[in-house]
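Student: Below is the structure I would like to discuss, written out as structure tokens.
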Amino acid sequence: MRILVIDDEKNLRESIVEYLSLEKIEAVAASSGEEGQVLLQREVFDAVVLDLKMPGISGIELLQWIRDAGPEIPVIMMSAFGEVQDAVKAMKLGARDYLVKPFDPEELVLRLRRIEEEQSLRRKVLAQSEGEGWVGESPSILQIRKLVDKVAPTHSTVLITGESGTGKEVLAREIHRLSTRKNGPFVPVNLGGIPDTLVESELFGYERGAFTGADRRKEGMFEIASSGTLFLDEIGDMPIHLQVKLLRAIQERKIQRLGGTGFIPIDVRIIAATNRDLESRVKEGSFREDLFYRLNVIRIHLPPLRERREDIPLLAVHFLEKVARTMGIPAKRFSPEALEALQQYSFPGNIRELENMVERACILAEGEVILPRDLGISPKTSFPITTGHQNTPPQVQDSRGPEAATDSREKTLNIKELEREAILEALRRNKGNRTRAAKELGFTRRTLLNKIKEYGIEGV
């Protein structure tokens, strides 16, 4: 990590550079806003630590220039006590954070490390984002990537299994994108969303006069997907009387339109997906065994998100940037507490639920930082805290009755609120100095830092 420290006060500037070097962080010093501006135009840095009050180009003026014409780079402002209004202005201009002098250099390192982690996440997302939403570095996903690289260039049928929302269509699109058919159409068909009476005509098409209302010939999805890929989603819901016709189409590479007499050659690759246990459905007699074996040439199972938690930050940042692009709004960022809350949540709706959660948070977050409350989940819980969510946590009954249980929950919440307020007041009285605030509160410094993180306290 490479940092630019801009401060006209020599002793402070040099002490920051020296402390950062001890923490294995490369730091370059500039003694004025003018010098800092030149360095930002000539060299590449990961973050800027900028003093608010300086002769010549002030910190506010340099921050304005960075926002309007300079590099896209996070800025941490330093301000003396009594300059709070200016610090607030700096935050509105896009400063990432600010520290009140004198501050503990360990606190600066902590905030720089957060920036470093966020930048690392963004780099990983950029490196993996060719396939829309196909992001991850967990062992299971890396193994699937290797399998996809081998399977995609072939013409083999692929069966994708996994819970709802795990990204089965995204994976199917990725296989198509990497195949020799990538210039042909990718045609998705959700068999679970088509009435049984219409499945045959949707897949195979029909001739004029085939049934009442068929006043013209219509091509089916097999023909529309010619030279491309036909994605049959929720294949486990296909009516059993049509499974034999699908089997014949796969085996013989030709179809017959509804009401037609001739056969039409087809050139499509089949990728099927299901969230059902097809082996059990075969035993039950609701899914043909011969069709199952035709589809199950190459099988890829997508694990639920709760089994690949290390991918959650990457996916969250990916969706964050996607929402910003789609809505045309400035990109926001997650607080460390928000990322922690996401990783602790069970995600019964998997990736689809995460994407919806991030979109909602982008809309509801008041500032540029997304907090746990914006996501609708709380740190240290595995369920949403918002009312009306589709996934309601199990109810725990208090042996003293529902009134006692409610009273106990309210007391717990009130104690936490009071503790958070006490920490904020101590930090304000001690001008943001964590060591003095911890001593005043009777905490160790490490305990205080943990509580600051737990309660999402920032900018004090």
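Student: List the aspartates and glutamates whose alpha-carbon lies under 17 Å from that of Lys322, not counting same-chain residues fewer than 8 positions away?
Tutor: Result set, ordered by chain and number: Glu118, Glu130, Glu132, Asp311, Glu353, Glu355, Glu359, Glu368.
Student: Please express the shape of the stretch 104-237 as an equivalent ellipsoid: the semi-axes are the square roots of 5 times the eigenvalues of the C-alpha gyration tensor, given largest first in whole angstrom.
Tutor: In descending order the semi-axes read 43, 17, 13 Å.
Student: Charges at C-beta only: +1 for Lys and Arg, -1 for Asp and Glu. How large is the resulting dipole of the chain about its Cα centre, in Debye rounded to 20? Don't skip to the answer; put the middle values down first.
Tutor: On the way: 67 positive and 71 negative charges, 203 e Å.
That gives a dipole near 980 debye.
Student: Related question: For the stretch 324-355 and the stretch 8-32, write down the distance between their C-alpha centroids in whole Å.
Tutor: 35
Student: Hey, can you rank 43-49, 200-206, 270-276, 67-73 by average C-beta count inside 10 Å, highest first? Intermediate values should be presented prior to the final figure.
Tutor: On the way: 43-49: 18.7, 200-206: 20.6, 270-276: 23.4, 67-73: 11.9.
By packing density, highest mean first, the sequence is 270-276, 200-206, 43-49, 67-73.
Student: Quick one: putting +1 on the C-beta of Lys and Arg, -1 on the C-beta of Asp and Glu, what dipole do you get for the stretch 277-339 around its Cα centre, in Debye to the nearest 20?
Tutor: It comes to approximately 280 debye.
Student: Quick check: convex hull over the Cα atoms of the stretch 1-101, volume per residue in Å³, rounded to an integer? Provide the component values of the computation, followed by the final result.
Tutor: Numbers: hull volume 8.6 nm³, N = 101.
Spread over its residues, the Cα hull of the stretch 1-101 gives 85 Å³ apiece.
Student: A further question on this structure: Please give the helix 350-364 orientation as an angle from the longest Cα principal axis of the chain, in degrees from 0 to 90, rounded to the nearest 10.
Tutor: 50
Student: Roughly how compact is the chain, stated as its Cα Rg over 2.2 N^0.38 Å to two decimals?
Tutor: On the way: Rg = 28.9 Å, N = 460, 2.2 N^0.38 = 22.6 Å.
Output field value: 1.28.
Student: To the nearest 10 degrees, how steep is helix 10-22 against the longest Cα principal axis of the chain, on a 0 to 90 scale?
Tutor: So the helix axis and the longest Cα principal axis differ by about 40 degrees.
Student: While we're here: Can you give the % of DSSP beta bridges in the chain that are antiparallel, to the nearest 5? Show your work: numbers first, answer last.
Tutor: Numbers: 4 of 42 bridges.
Bridges in the chain are about 10 percent antiparallel.
Student: Just to confirm the number: angle between the C-alpha axis of helix 312-327 and the first principal axis of the chain, 0 to 90 degrees, nearest 10?
Tutor: Relative to the chain, helix 312-327 is tipped by roughly 90 degrees.
Student: Still on this structure, please answer the following. Taking each pair of different alpha-carbon atoms in the stretch 139-305 once, compute 1/r for the pair, average those values, and report the inverse of that mean as the Kirkwood hydrodynamic radius in Å to one decimal. Before the final figure, lay out the partial values.
Tutor: Details: mean 1/r = 0.0610 Å⁻¹.
Across the stretch 139-305, the inverse of the average 1/r is 16.4 Å.
Student: Given Lys254/Lys283; Lys124/Lys332; Lys332/Lys439; Lys89/Lys431, which pairs have Cα atoms separated by over 23 Å?
Tutor: Numbers: Lys254/Lys283 29 Å; Lys124/Lys332 17 Å; Lys332/Lys439 35 Å; Lys89/Lys431 18 Å.
Violating the 23 Å Cα-Cα cut-off are Lys254/Lys283; Lys332/Lys439.
Student: Of Leu354, Leu147, Leu203, which is farthest towards the positive pole of the chain's charge dipole, taken about the Cα centre with +1 and -1 on the beta-carbons of Lys, Arg and Asp, Glu respectively?
Tutor: Result: Leu203.
Student: Here is a further query. If N is the number of residues in the stretch 282-359, what value comes out of its Cα radius of gyration divided by 2.2 N^0.38 Å? Display every interim value, and only then the final one.
Tutor: On the way: Rg = 18.0 Å, N = 78, 2.2 N^0.38 = 11.5 Å.
Here the answer is 1.57, to two decimals.
Student: Among rounded, prolate and oblate, which fits the stretch 177-250 when a ≥ b ≥ c are the square roots of the eigenvalues of its C-alpha gyration tensor, a/c under 1.5 means rounded, and a/b larger than b/c means prolate? Walk me through the intermediate numbers first.
Tutor: Details: a/c = 2.15, a/b = 1.35, b/c = 1.59.
Note, shape of the stretch 177-250 comes out oblate.
Read the figures in this text as sums done on the coordinates, not as results from a lab. Model, not experiment: these values are computed from the prediction. As a convention, Cβ positions derive from the backbone with ideal geometry for all residues, glycine included, and neighbour counts pool all protein chains shown.
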